[in-house]
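Beneath this line is the structure, given in structure tokens, with notes to follow.
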Amino acid sequence: MTSPGNSSDFNLDHLANLARLALTAEEKARFAAQLGDVITYISQLKEVDVSGVEATAHAYPLFNVLADDVARPGLPVEAALRNAPEQRDHMIVVPKVVE
């Protein structure tokens, strides 16, 4: 069995593909070692006894974190489109992203 930090526990090429990264051989070696260190550290955290620790979403309690939703006038069309690289019919034109 391999140790949790061993780079064979994950497929770096698959992770790079999911992140749409083109990695060189040196980057793959460096990132494999770094990801292995992270996985080793996470496996150490799994060994900590947290049975008496209450689950929290924030380190400090948060109260009234949402502001009231008040309607305000928006930007005029000219101001909103001022820096748009391309526009048509009072809209910003963007490249098609769906294949």
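The values are calculated or read from the model by the stated rules, or taken from the named source; none is laboratory data. These numbers were taken from a predicted model, which means no experiment stands behind them. We place every Cβ from the backbone using ideal geometry, glycine too, and count neighbours over all the protein chains shown. Surface areas here come from the heavy atoms of the whole protein model, side chains and all, with no ligands, DNA or RNA. Shrake-Rupley method; radii C 1.70, N 1.55, O 1.52, S 1.80 Å.
So the values come out like this:
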item	result
Where the chain is the region considered: accessible area per residue in Å², 1.4 Å probe	97 Å²
For peptides 21-30, 68-77, sequence by mean Cβ density within 10 Å, most packed first	21-30, 68-77
Label selected from (1) 255; (2) 185; (3) 88, the criterion being volume of the Cα convex hull per residue in Å³ as computed here	(1)
Lys, Arg +1 and Asp, Glu -1 on Cβ, resulting dipole of the stretch 11-99 about Cα centre, debye, nearest 20	300 debye
Under 5 Å, built H, 5+ apart or other chain: amide partners of Gln87	Val93
Angle in degrees between helix 25-45 and the longest Cα principal axis of the chain, rounded to the nearest 10	70 degrees
Charge-dipole axis of the chain as Lys and Arg at +1 and Asp and Glu at -1 on Cβ define it, positive-most pick from Thr24, Leu45, Asn83	Asn83
Average Cα contact separation per residue, the chain, under 8 Å, 6 or more apart, as relative contact order %	19 percent
